[in-house]
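Report on one structure; see the data block that follows.
The values are calculated or read from the model by the stated rules, or taken from the named source; none is laboratory data. The model shown is predicted, which means the values in this text are computed figures rather than measured ones. No Cβ is skipped: glycine too gets one built from the backbone with ideal geometry, and neighbour counts run over all protein chains shown. Heavy atoms of the whole protein, side chains included, go into the accessibility calculation; ligands, DNA and RNA do not. Shrake-Rupley method; radii C 1.70, N 1.55, O 1.52, S 1.80 Å.
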Amino acid sequence: MSEAKRVFGIDLGTTYSAIAYVDEHGIPVILKNILDDGMSVLPSVVYVEGSGNVVVGIEAKRNSVLESERTFSEIKRFMGKPDYAPKEIDGTTYTPEYVSSLILKKIAQYARADLSMPVEDVVITVPAYFSDSQIDATRKAGLIAGLNVLNILKEPTAAAISYGVESDNNNQTVMVFDLGGGTFDVTIIQIVDNNIRVVMTGGDAELGGRRWDQSLVDYVTDQFRTEHGIDLCEDENKEAYQDLWIRCEEAKKALTNRTSTNIMVSCGERMKVEVTRELFDELTSMLCQRTIQLSRDLVARAKNEKNLAGIDVILLVGGSTRMPQIGKAVQEEFGTEPKLYDPDEAVAKGAALVARKIALGEEVEKYFKAQGIDVNTATEAEKEQAVHQAAKIFGLSSGVAARELATSIVNVLSHSIGIQAVDDDCSDIIAVMLPDQTEFPCETTQQFRTVSANQQFAEIKVMENQADITDERNISGWKQLNPDTGELPIPPSLQQGAPVLVQFTIDANGKLHVYAEDQTGHNRIEFDIKLEGVMSEEEVEKAKAAVGALAIS
Ligand code: ADP
Ligand code: MG
């Protein structure tokens, strides 16, 4: 018998990444980086050693202080941001997609070493607040790394899925509180009989463990200035300052297990700064309170808008939820003891479960196609046979495969989308087609009218809200998603106010299909959103070839 097929879930994190697969019993398993340190997470750091040679992971992180010009940390924060100026090293341009692809490549390498099989089909996770262009950039990073990206999944959804599979309670409302290295996501999810429904998402893209590190860095810098009159922030003290950042992150982690620790500073003079947990909590209480405020607001909004009854379970995921202050504050606010749930591995495991469900579904479809059977009219026996065949490919029993196939996920939009229009006073506004938090798959239709007589075209500009608050009149908070204006022809010599219909359809994978029709002459246009990523398709191909020629260790 040939070897069972495997597909993978990858948590491409701001600070750490991980990869998992699902075994033949339906249990997700994390792979270890046996090429370096045997750990189950990989620091998301890339160091360009020479031309044709990059180092990814723990070794790159060690170099990041002395070789900061040739090192990339936290590149994820710049994914899909058109205003980011990529670094040039030895004549090569390192875009965020390219750097991320190097991390993915390294992950695929060690997974292959651990499992003795290549990594091809993957689901990659992104934060809940990622916009379409950031998601697209992530997909491109996967393509550049030579992976087949089955889908992109939101991190909290992934965490909830792995929790849902592990927990025996099949009916519960879960709040996922994900505080990572760079970002904070809070998501409310309902699990009902194998179905996972994302009720609402919120968070702050700039609030993560690094801000806690910064509080310590600022404190120690002040102490050192007072004691020795030396300012570590001066350019000439750059190395000492970067070194301090690493020591402060270590001190922060130490304070998770102990009540006091020392931070050493050396820059001309030497100094030992003692920090107690009490002091640390005081220095960072504003940050902690902000996570609570955002969670409180989200629960209130879900109660108001989505008839949420209450929260049954709170899951803490993300490395920064290990800080005791977080669990304490959450418990005080919500009155239930939160579960510190597999903070480093839950996301990759959930992604692996979704990858397997998608791959199984694809095999079932392939079987039907090969047999010339129409899925909609297939008999129970034919369906059973299809599941049996798909299960065999993955080395599973039919029971495990059927259970995995039965899981469904309903997701919500994290950003409002709409159409640019003109109001009665002739100023540009946005007609919101689908507000944020709308569940998809979904479909919506709205009627518009032409603004002037004899209008030749109606421009269909699809807009996505980029600001925290959806403001329909502040156009600057919105970004156009279709690169060219969709021009819908209008029949000649019509009066002002001729009707135009616009329809948005979003499929289960979040792909937006736009349809517009002039209802007088029945001209129509339709298009899928060509997302405005930072890289074009040709650039992806070029980058893919370049990555293929690199040695990655
Ligand atoms: P991301 O998903 O953003 O990459 P992670 O969920 O891996 O982030 O979390 C990384 C963050 O968690 C870092 O800021 C790190 O300092 C912090 N962290 C990891 N372990 C601990 C610990 N024991 N105590 C406090 N913070 C920790
Ligand atoms: Mg994470």
Legend entry - Area of Ser408 that stays accessible when all protein chains are in place (1.4 Å probe, Å², to 10): 40
Inset, instruction - Jot down the radius of gyration and Dmax of the stretch 349-388, Cα atoms only, both in angstrom. - result: 11.5, 35
Inset, instruction - Please work out how much length the chain gains when fully extended from Glu526 to Gln293, using 0.36 nm per residue of separation minus the C-alpha to C-alpha distance, in nm with one decimal. - result: 79.7 nm
Inset, instruction - List the equivalent ellipsoid semi-axes of the stretch 409-553 in whole Å, largest first, each obtained as the square root of 5λ for an eigenvalue λ of the Cα gyration tensor. - result: 33, 19, 15
Inset, instruction - Give the Rg/Rh ratio for the stretch 347-491, taking Rg as the radius of gyration of the Cα atoms and Rh as the Kirkwood radius, to two decimals. - result: 1.18
Inset, instruction - At 4 °C and 1.567 mPa s, grab the translational diffusion coefficient of the stretch 276-435 from Stokes-Einstein with a Kirkwood Rh over Cα pairs, rounded to a whole number in µm² per second. - result: 62
Inset, instruction - State the three equivalent ellipsoid semi-axes of the stretch 189-263, derived from the C-alpha gyration tensor as the square roots of 5 times its eigenvalues, in descending order and whole Å. - result: 39, 15, 10
Inset, instruction - Using amide H atoms built 1.01 Å from N in the peptide plane, name the residues 5+ places from Ala458, or on other chains, whose amide H lies under 5 Å from its own. - result: Leu488, Ile490
Inset, instruction - Over all alpha-carbon pairs in the stretch 96-251, figure out the percentage whose distance exceeds 22 Å. - result: 60
Inset, instruction - Can you give me the three principal axis dimensions of the stretch 1-72 from its C-alpha atoms, in Å, biggest first? - result: 49, 23, 18
Legend entry - Radius ratio Rg over Rh of the stretch 320-379, counting only Cα atoms, Kirkwood formula for Rh: 1.39
Legend entry - Ordering of 351-361, 296-306 by packing [mean C-beta count within 10 Å, highest first]: 351-361, 296-306
Inset, instruction - With both partners inside the chain, how many of the DSSP beta bridges are antiparallel, as a percent to the nearest 5? - result: 80
Legend entry - Where N is the number of residues in the stretch 483-522, Cα Rg divided by 2.2 N^0.38 Å: 1.45
Inset, instruction - Report, to the nearest whole %, how much of the accessible area of the stretch 235-346 belongs to carbon and sulfur atoms, 1.4 Å probe, protein only. - result: 43
Legend entry - Label-point gap, in nm, between Ile27 and Leu550 - each point 7 angstrom along Cα→Cβ: 3.6
Legend entry - Hydrodynamic radius by Kirkwood, which averages 1/r over all alpha carbon pairs of the stretch 204-314, in angstrom: 16.0
Inset, instruction - Using θ = phi - 60° and the Karplus relation 6.51 cos²θ - 1.76 cosθ + 1.60, list the HN-Hα couplings for the stretch 305-319 in order, rounded to whole Hz, with x at every Gly or Pro. - result: 9, 10, 6, 5, 7, x, 10, 8, 9, 10, 9, 9, 10, x, x
Legend entry - Straight-distance crosslink candidates among lysines, where the alpha carbon sits under 23 Å from Lys303 and sequence neighbours closer than 8 are dropped: Lys154, Lys339
Inset, instruction - May I ask what percent, to the nearest 5, of DSSP beta bridges between residues of the stretch 68-179 are antiparallel? - result: 35
Inset, instruction - Output the peptides 102-108, 115-121 sorted from most to least packed, where packing is the average of other Cβ atoms within 10 Å over each peptide's residues. - result: 102-108, 115-121
Inset, instruction - Any chance you could check the Cα centroid distance between the stretch 1-76 and the stretch 178-194 for me, in angstrom? - result: 23
Inset, instruction - Find the relative contact order for the chain and round it to a whole percent, using C-alpha pairs within less than 8 Å whose residues are 6+ positions apart. - result: 16
Inset, instruction - Give, in whole angstrom and from largest to smallest, the semi-axes √(5λ) of the equivalent ellipsoid of the stretch 247-309, with λ running over the eigenvalues of the Cα gyration tensor. - result: 39, 11, 9
Inset, instruction - Let me have the 222 nm mean residue ellipticity of the chain computed from DSSP H runs of 4+ only, each contributing -39500 (n - 2.57), with the sum over all residues rounded to the nearest 500. - result: -11500 deg cm²/dmol
Legend entry - Inter-centroid distance (Cα atoms) of the stretch 477-521 relative to the stretch 428-459, Å: 7
Legend entry - Percent of alpha-carbon pairs separated by more than 33 Å within the chain: 49
Inset, instruction - Quote the Stokes-Einstein diffusion coefficient, in whole µm² s⁻¹, for the stretch 35-128, based on the Kirkwood radius over alpha carbon pairs, a temperature of 4 °C and a viscosity of 1.567 mPa s. - result: 91
Inset, instruction - Could you sort out which of Lys357/Lys392; Lys366/Lys542; Lys61/Lys252; Lys5/Lys357; Lys32/Lys140; Lys105/Lys542 sit more than 20 Å apart by Cα distance in this structure? - result: Lys366/Lys542; Lys32/Lys140
